[in-house]
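Student: Structure provided below as structure tokens; questions to follow.
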Ligand code: SAM
């Protein structure tokens, strides 16, 4: 069966990479695993051997047909034949009688941004996520302050979890090979977050405005949020304890939230 480009289908064919991904999830016998985009079941085969239950969400009916046959005898396997973007992950986990799940997925790259948002907003029901993304996206997610890749995606991710690069994969590990290199990441939600975002909209406003001009200092990049009221901006930065002369790429993730909180108090 021909892979469907429109669904981002690139199937993993390297046995050792498959094993490393599943190992990175450190699945226990009591765990619920949610797999996004199982495809032909490359990862699923190992997941059902290790987890209490595997819920796999796949949009392509041809793949669903293969999966139903392949895992017909695995009582701990269930298939959700749906577009994952329409699935409420929190509800899915709770309906299974679990408080948390491990998410695993070799994600379709054309909707990585949307899926990242969906995964992060389900952080209350996820202990961790082991995901494959495009290498450049992985660099942005795991970047440290001061790095050129540090930006909106970094802050939005790291405010919710601790991301770790597990390994990179070349295109030859897939059939058909994608045009880009890939990376596997583990996003640790348990024991994270370091930060609670009190007002998501405000936090996002601060982050987006900050990184609009990454070469400028915060006292300039954030001006657009305060209608030219520079005194107010400086007071907010002082109250947040953030150096107004820093460039956004040098600002640690938690400080964007401190700015948002100080702003919230002055509204
Ligand atoms: N996990 C398999 C593997 O590693 O070989 C397949 C990975 S492939 C990169 C992405 C998979 O996600 C495909 O099976 C594709 O059909 C599925 N997919 C694409 N868009 C989806 C969506 N919106 N909802 C659920 N599955 C989707």
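Throughout, read-outs are computed from the coordinates displayed, never taken from laboratory work. Please read all numbers here as calculations on a predicted model, not as lab measurements. Here Cβ is always computed from backbone atoms with ideal geometry, including for glycine, and neighbour counts include all displayed protein chains.
Student: Could you give the nm distance between label points at residue 243 and residue 29, where each point is 7 Å from its Cα heading toward the beta carbon?
Tutor: Computed distance between label sites residue 243 and residue 29 equals 5.3 nm.
Student: Once the Cβ-Cβ distance between residue 117 and residue 267 is put in as r, and R0 is 25 Å, what FRET efficiency do you end up with, to the nearest 0.05?
Tutor: Details: r = 25 Å, r/R0 = 1.00.
It comes to 0.50.
Student: Determine the percent antiparallel among the DSSP beta bridges restricted to the chain, to the nearest 5.
Tutor: Working: 16 of 36 bridges.
So the antiparallel bridges in the chain amount to around 45 percent.
Student: Still on this structure, I have one more. Under 8 Å for C-alpha pairs, at least 6 residues apart: give me the relative contact order for the chain, rounded to a whole percent.
Tutor: It rounds to 15 percent for the chain.
Student: If R₀ is 41 angstrom, what is the calculated FRET efficiency for the pair residue 208 and residue 65, using the beta carbon separation as r and rounding to 0.05?
Tutor: 0.45
Student: Could I ask something else about it? Relative to the compact globular guide of 2.2 N^0.38 Å, what is the alpha carbon radius of gyration of the chain, as a ratio?
Tutor: 1.11
Student: Here's a follow-up. Give me the extension gain from residue 201 to residue 250: residue separation times 0.36 nm, minus the current Cα-Cα distance, reported in nm with one decimal.
Tutor: Taking residue 201 through residue 250 to full extension adds about 15.4 nm, to one decimal.
Student: If I model a spin label at residue 164 and residue 82 as a point 7 Å from the Cα along the Cα→Cβ vector, what separation in nanometres do I get?
Tutor: 3.2
Student: Cα gyration tensor of the range 111-207, axes a ≥ b ≥ c as square roots of the eigenvalues: rounded (a/c below 1.5), prolate (a/b > b/c) or oblate?
Tutor: Prolate is the answer for the range 111-207, as a/c is 1.5 or above and a/b outweighs b/c.
Student: Hey, could you grab the Kirkwood Rh for the range 1-117? Inverse mean 1/r over distinct alpha carbon pairs, Å, one decimal.
Tutor: Details: mean 1/r = 0.0693 Å⁻¹.
When all Cα pairs of the range 1-117 are included, the Kirkwood radius is 14.4 Å.
Student: Using a 7 Å offset from the Cα along the Cα-to-Cβ direction at both residue 110 and residue 90, what is the distance between the two label points in nm, to one decimal?
Tutor: 3.0
Student: OK, next. Would you please give the FRET efficiency between residue 190 and residue 20, computed as 1/(1 + (r/R0)^6) with r the Cβ-Cβ distance and R0 = 25 Å, to the nearest 0.05?
Tutor: E(calc), rounded to 0.05, equals 0.75.
Student: Per DSSP helix of 4 or more residues, -39500 (n - 2.57); summed, then divided by the residues of the chain. What does that give at 222 nm, rounded to the nearest 500? Walk me through the intermediate numbers first.
Tutor: Numbers: 11 runs with 100 residues, N = 267.
Computed ellipticity for the chain at 222 nm equals -10500 deg cm²/dmol.
Student: Let's test this: bin the Cα-Cα distances of the range 189-267 at 5 Å from zero up to the farthest pair and state each bin's percent.
Tutor: 3, 17, 29, 28, 14, 5, 3, 1, 0
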